[in-house]
Amino acid sequence: MDRSSTLALLYEYTKSESLRKHALAVETAMRAYAKKFSADEEQWAITGLIHDFDYEMYPQAPDHPLKGSEILKAQGYSDDIRTAILGHASYSGVKRESLMAKCLFACDELCGFIVACSLVRPNKQIAGLEVSSVKKKLKDKAFARNVNRDDITQGAIELGVPLEEHIQFVIDALKANASGLGL
């Protein structure tokens, strides 16, 4: 599958602008990590782009991402992509064994949180956002309360990188695509 057909599938199933932007943010972070790890950038980016495409239609666990995986299978998406997507939801029971799956899990919640941190800044931009600000907001349980902080911490652990390094990497990746993400 290519980005164009994946984007079309995302837009077919996802009508919420904020969920579409989340998909674009995760795509951006996944592409950056693929480049860092000398992996298949297109495959990783597509995985990030499509990981939540079924969420509006099937918001209840375990329907999301199980039903989405079946749709992706029918569309011809690889087992690697589908397994990574299944693994990003811990309740699916699918282990995150590949580096791509670990990166998707690590980037998903963190991307949403970093975007939220950016949007509450006076200029509503990611420019100038620092790791220390993100970590401070992580401690504020009322801020972006739907973001699972344990998943953010666990994601960095599974990647084998310090949390601060992971946050900085994702901030830098999103900064590089700030205009495309509305940040």
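Every read-out reported here was derived from the displayed coordinates using simple, explicitly stated rules and does not represent laboratory data. Being a predicted model, the structure only gives us computed values, none of them experimental. All Cβ positions, glycine included, derive from the backbone under ideal geometry; neighbour counts span all protein chains shown.
Ordering SER133, ASN146, VAL170 by Cα displacement along the dipole of the chain toward the positive end leaves SER133 in first place; charges were set at the Cβ atoms of Lys, Arg (+1) and Asp, Glu (-1). Membrane-span-like helices of the chain, defined as complete DSSP H segments with a Cα extent of 24 Å or more along the helix axis and a mean Kyte hydropathy of at least 1.0, are identified as 99-119. Seen through its C-alpha gyration tensor, with square-root eigenvalues sorted a ≥ b ≥ c, the stretch 131-183 comes out oblate because a/c lies at 1.5 or above while a/b is not bigger than b/c. When +1 charges are put on Lys and Arg Cβ atoms and -1 charges on Asp and Glu Cβ atoms, the dipole computed for the stretch 39-85 relative to its Cα centre reaches about 180 debye. Residues THR83, THR47, THR153, THR28, arranged from fewest to most other Cβ atoms within 10 angstrom of their Cβ, appear as THR153, THR83, THR28, THR47. Normalising the Debye intensity of the chain to I(0), with uniform scatterers on Cα atoms only, and taking log10 at q = 0.09, 0.14, 0.15 Å⁻¹ returns -0.28, -0.70, -0.81.
Taking Cα centre as origin and charging only the Cβ of basic (Lys, Arg, +1) and acidic (Asp, Glu, -1) residues, the dipole magnitude of the stretch 1-142 rounds to 740 debye.
So, by mean Cβ neighbours within 10 angstrom, what's the order for 106-116, 36-46 with the highest one leading? If you can, show how the numbers build up before the last one.
Details: 106-116: 24.8, 36-46: 16.8.
The peptides rank, most packed first, as 106-116, 36-46.
Footprinting exposure proxy ranking of MET57, MET30, MET100, MET1, fewest other C-beta atoms within 10 angstrom first, gives MET57, MET1, MET100, MET30.
Where does the charge balance sit around LEU129 when Lys and Arg score +1, Asp and Glu -1, over other residues with C-beta under 13 Å from its C-beta? If you can, show how the numbers build up before the last one.
Details: positive: ARG121, LYS124, LYS135, LYS136, LYS137, LYS175; negative: GLU130, ASP172.
For residues surrounding LEU129, the net value is +4.
A helix-only calculation puts the chain at -21000 deg cm²/dmol for mean residue ellipticity at 222 nm, using -39500 (n - 2.57) for each DSSP H run of at least four residues, averaged over all residues. Give, as ranges by residue number, the residues of the stretch 1-25 whose backbone N falls under 19 Å from the point 7 Å along Cα→Cβ of GLU41. Inside the label zone: 1-7, 24-25.
Please tell me the relative contact order of the stretch 38-165 in percent, rounded to the nearest whole number, where contacts are Cα pairs under 8 Å and at least six residues apart. Mind showing how you got there, number by number?
On the way: 110 pairs, mean separation 24.1, N = 128.
Rounded, it is 19 percent for the stretch 38-165.
Each Lys or Arg adds one and each Asp or Glu subtracts one; over the other residues with Cβ under 11 Å from the Cβ of THR14, this totals -2.
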